[in-house]
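Pasting in a structure now, in structure tokens, and then I'll have a few things to ask.
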Amino acid sequence: MLVDKPLKLFSLNANIPLAQQVAKSLGVELSKCSVKKFSDGEVSINIEESVRGSEVFVLQSTSGPVNDNLMTLLIMIDALKRASVDTINVVIPYYGYARQDRKARSREPITAKLVANLLEVAGANRIIALDLHALQIQGFFDIPVDHLMCVPIIAKYFKEKLPDMEEVVVVSPDHGGVTRARKLADALNTPIAIIDKRRPKPNVAEVMNIVGNIEGKTCILIDDIIDTAGTITLGAQALKDRGAKEVYASCSHAVLSGQALDRIENSPIKELVYANTIDIPEEKKLDKMVPLCVGDLIAKAIYKIHNNEPVSVLFE
């Protein structure tokens, strides 16, 4: 007699609010596990219910503290593997170390690949990630990777926020983000502009040129990661200096380290719209910050994977 594999959803400690949203959208309860830390910093995990033969989904962003959250995830995967689960699907809304995806200089590691190796060796059978910083990270794995995108969610917000799209321009803060900006511009049916940063000669400040017409327009800057917020705030100032009417900023992953909050608060950015892939504590939230929930998107992907349906239809 064939028995359907039960679905189990676990959340570790990096982004519990998002996991709760995913569970609510799926109509399931979060499965129970305890995560403890010994006095010397070692992590101990206990799975508090039977998972034998189950299809398990574990949600954990590897955001700060990056190493603690990554190690906790690896230990959880090992615990599940030893508990005789059928399949371990790892949901990583924010993939830490993604920016270390190549050797930029001699004798540097490719840590994004190392993390992929660690996840596979621990026992992961599938990875579900949102807006990887470098798409080639999908090729670092020898297991299936389902790559989800936040652009449709960001586009939906701005369609409701800014009804007159004829006055809107989507702006990439650098050349590397043009593909991302094009996807948002296509979704909104708007033109794009690019901020071209050049340093004329050594020890001379960067000059920001704007490729595209932004004068008198409402500009939407889009990036995948906002970390120290230097690039996005300097870009916003350059847009205002060249005649932009308003400047909005958007991103998939709001890391917000260092002086990011001060820079955003004192910048001409009217709103920072971000996906909630990283759990931001209340004390780090500014009035101009607007979170967008990706819980429904992740839940739909989990449902389709569990039922052997294509995930790609979510973005058609």
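Readers should treat all values here as calculations from the given coordinates under stated rules, not as data from a laboratory. Predicted model, so just to flag it, every value in this text is computed and none were measured. Neighbour counts run over all protein chains shown; Cβ positions are idealised from the backbone, glycine included.
Quick one: angle between helix 295-306 and the longest Cα principal axis of the chain, in degrees between 0 and 90, rounded to 10, please.
Helix 295-306 sits at roughly 40 degrees to that axis.
Report, in degrees rounded to the nearest 10, the 0 to 90 angle that the Cα long axis of helix 16-26 makes with the longest principal axis of the chain.
Result, in degrees: 70.
Pull out the extension gain between residue 262 and residue 5, defined as 0.36 nm times the separation in residues minus the alpha carbon to alpha carbon distance; nm, one decimal.
87.6 nm
What length, rounded to one decimal in nm, is gained on full extension from residue 36 through to residue 314, with 0.36 nm per residue of separation minus their alpha-carbon distance?
96.4 nm
Turning to a different aspect of this structure: What order, most packed first, do the peptides 293-300, 110-117, 243-250 have when packing is the mean number of other Cβ atoms within 10 Å of each residue?
243-250, 293-300, 110-117
Just to be sure I understand: of the beta bridges DSSP finds with both ends in the chain, what percent are antiparallel, rounded to 5?
Given both bridge residues lie in the chain, the antiparallel proportion sits at roughly 20 percent.
Sort 315, 57, 158 so that the residue with the fewest other Cβ atoms within 10 Å of its own Cβ comes first and the one with the most comes last.
315, 158, 57
Considering the dipole of the range 258-301 built from charges on the beta carbon (Lys and Arg +1, Asp and Glu -1) around the Cα centre, which of 258, 301, 278 is farthest to its positive end?
Ranked along the dipole, the leading option is 301.
For residue 110 and residue 81, what does the FRET efficiency come to when R0 = 25 Å and r is the distance between their Cβ atoms, rounded to the nearest 0.05?
0.45
Can you count the Lys pairs in the range 30-172 with C-alpha separation below 29 Å, eight or more apart or on different chains?
7
What is the spin-label model distance, in nm, from residue 71 to residue 138 if the labels are put 7 Å beyond Cα along the C-beta direction?
Distance between the two pseudo-spin positions: 3.3 nm.
For residue 182 and residue 304, what is the calculated FRET efficiency with R₀ set at 30 Å and r taken between the beta-carbons, to the nearest 0.05?
Computed FRET efficiency for residue 182 and residue 304 comes out at 0.70.
Based on other C-beta atoms within 10 Å, arrange 88, 269 from fewest to most.
The fewest-first ordering by Cβ neighbours comes to 88, 269.
When DSSP assigns beta bridges and you keep just the ones with both residues in the range 151-292, what percent turn out antiparallel, to the nearest 5?
Around 20 percent of the beta bridges assigned by DSSP in the range 151-292 are antiparallel ones.
Another question, then. Just to confirm a number: summing +1 for Lys and Arg and -1 for Asp and Glu over residues other than residue 226 whose beta-carbon lies under 14 angstrom from that of residue 226, what do you get?
So the environment of residue 226 carries a net charge of -2.
Here's another thing I want to ask about it. Under a Cβ-only charge scheme (Lys and Arg +1, Asp and Glu -1), can you give me the dipole magnitude of the range 98-256 about the Cα centre, in debye to the nearest 20?
Magnitude of the dipole: close to 500 debye.
Determine how many Å³ per residue the convex hull of the Cα atoms of the range 151-292 encloses.
105 Å³
Just report the Cα centroid separation between the range 247-269 and the range 129-170, whole Å.
18 Å
Helix-derived [θ] at 222 nm for the chain: sum -39500 (n - 2.57) over DSSP H runs of at least 4, divide by residue count, nearest 500?
About -9000 deg cm²/dmol.
Dipole size in debye (nearest 20) for the range 22-173 around its Cα centre, Lys and Arg Cβ +1, Asp and Glu Cβ -1?
Taking the Cα centre of the range 22-173 as origin, the dipole is about 360 debye.
Moving on. Given C-alpha coordinates of the chain, what is the ratio Rg to Rh with the Kirkwood estimate of Rh?
That ratio equals 1.00.
Compute, for the chain, the length of the dipole vector about the Cα centre, with Cβ point charges of +1 (Lys, Arg) and -1 (Asp, Glu) only. Units Debye, rounded to 20.
620 debye
Shifting gears a bit: Sorted by mean Cβ packing within 10 Å, highest first, what order do the peptides 146-152, 252-258 take?
Top to bottom by mean Cβ count within 10 Å: 252-258, 146-152.
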